[in-house]
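Here's the structure we're looking at; comments come further down.
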């Protein structure tokens with residue numbers, strides 16, 4: 001049986017991998033997935049502590065975080081697709097050029 005320490009170690013490892021990806025990569029898609037990994041690490045923490053204390057509020061919050069991640073991913077991928085279709089690349093510097101192309 002897995003103890004709380006195992007869950008916390010897994011969460012720490014995922015958080016560190018995600019943080020490393022955010023800080024070292026320039027590609028927007030990789031940064032986006034790194035942020036997803038960080039949020040998944042926090043979800044594991046919520047679920048682990050909810051299981052430890054026998055309270056369902058941590059699991060409910062984890063489900064809400066997953067739902068929010070899906071919506072955030074859809075919006076971000078739509079923006080990245082717009083940038084990639086225009087410039088054939090996805091670097092953070094390209095978003096400045098995209099904002100100048102918008103017609104209000």
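Just so it is clear, none of the values below were taken in a lab; they were calculated from the coordinates. These numbers were taken from a predicted model, which means no experiment stands behind them. Glycine gets a Cβ as well: all are built from the backbone with ideal geometry, and neighbour counts include every protein chain shown.
I'd like to compare 33-41, 45-53, 20-28: which one has the highest average count of other Cβ atoms within 10 Å, and what's the full order after that?
Sorting 33-41, 45-53, 20-28 by mean packing, highest first, produces 33-41, 45-53, 20-28.
So if R0 is 35 Å, what FRET efficiency would residue 30 and residue 55 give, r being the distance between their Cβ atoms, rounded to the nearest 0.05?
About 0.50, to the nearest 0.05.
How long are the semi-axes of the equivalent ellipsoid of the range 4-100, taking √(5λ) for every eigenvalue λ of the Cα gyration tensor, in whole Å from largest down?
Listed largest to smallest, the semi-axes of the range 4-100 are 32, 15, 7 Å.
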